[in-house]
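J.: Quick one: the structure is below, questions incoming.
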């Protein structure tokens with residue numbers, strides 16, 4: 001078990017005055033991550049030093065009014081979880097199984113596997129989302145995407161800020177490399193030369209080494225806010241890797257360029273060109289299980305005596321008997 005202290009910072013800038021408003025995550029909450037009693041948990045963690053910028057808009061449309069910094073020094077954790085089973089019943093790693101048992105393995109995938117926080121002072125750290133191709137979630141999750149409340153001098157009242165993190169699901173495979181126990185994983189009743197699969201019958205005593213393999217994948221951050229007179233502003237544009245040295249073309253207004261991570265000129269309103277998004281690179285991961293396969297215990301049969309053949313009174317008290 002280990003503790004994670006949430007701490008996040010983000011700030012947004014609005015279209016008329018281009019005012020930057022600081023927001024962030026503070027040391028106001030703690031999240032406890034505890035490995036399950038049954039199963040195996042393998043966390044992966046990274047710190048993003050880049051300053052991520054977001055494209056802001058007004059209301060629920062897809063227009064991009066300009067770009068501003070939104071996040072910095074982001075700490076991301078992705079936790080992988082898997083379970084082992086014997087004849088359909090969950091067991092712990094390093095358990096014993098017997099020849100003839102069916103062992104199986106399953107990866108557990110949930111949005112709560114992903115969580116993150118950044119530098120600053122604010123309210124909460126959100127969970128992420130498993131979304132194909134790291135696409136923007138269809139809708140904002142008001143609870144899990146929330147990062148803080150801000151008030152700007154030019155903004156109409158308080159604004160709630162949401163930052164969804166989408167990570168594309170990994171492909172998952174099950175291998176048993178190094179096992180000394182023979183396994184039948186394709187269901188043909190024969191020992192497999194190279195056993196592969198999530199469910200296998202134990203065919204001989206030995207050690208079962210199982211690997212739950214997660215392919216490398218990637219994620220993207222998105223940005224939204226709500227409140228004031230324009231409702232929810234969520235254009236589903238992925239955040240980019242900073243602003244310095246970049247120009248983002250906007251139709252009719254010329255390029256919006258930055259020599260530092262701050263605004264220089266006002267952007268246009270329509271037909272903007274989306275910059276390359278920041279990609280969170282998640283490496284391949286592996287969860288290992290080790291099970292010991294034991295030979296079946298011989299049945300403890302009771303002796304049998306055919307009393308119908310006791311014609312000579314052989315089976316009497318104090319007589320030695322042969323079984």
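J.: As an exercise: evaluate residue 179 against (1) modelled with pLDDT of 95 or more; (2) surrounded by fewer than 14 Cβ atoms within 10 Å (Cβ to Cβ) and give the number of the one condition it does not meet.
T.: So the condition that residue 179 fails would be (2).
J.: When region 42-89 is examined, which residues are found to be surrounded by 15 or more Cβ atoms within 10 Å (Cβ to Cβ), at pLDDT 95 or above and over 21 Å from residue 128 (Cα atoms)?
T.: 83, 84, 85, 86
J.: Could you look through region 102-122, keep only residues that are over 22 Å from residue 286 (Cα atoms) and buried (at least 18 other Cβ atoms within 10 Å of the Cβ), and pick out the one that is modelled with the highest pLDDT?
T.: Ranking the candidates gives 117 first.
J.: While we're on this one: Of the numbered conditions (1) surrounded by 18 or more Cβ atoms within 10 Å (Cβ to Cβ); (2) modelled with pLDDT under 70; (3) within 23 Å of residue 198 (Cα to Cα), residue 37 fails exactly one; give the number of that condition.
T.: The failed condition is (1).
J.: Got at least one residue in region 196-218 being surrounded by 16 or more Cβ atoms within 10 Å (Cβ to Cβ), closer than 30 Å to residue 55 by Cβ and at pLDDT 95 or above?
T.: yes
The values are calculated or read from the model by the stated rules, or taken from the named source; none is laboratory data. Keep in mind that what you see is a predicted model, and the values were worked out from it rather than measured. Backbone-built Cβ (ideal geometry, glycine too); neighbour counts: all protein chains shown.
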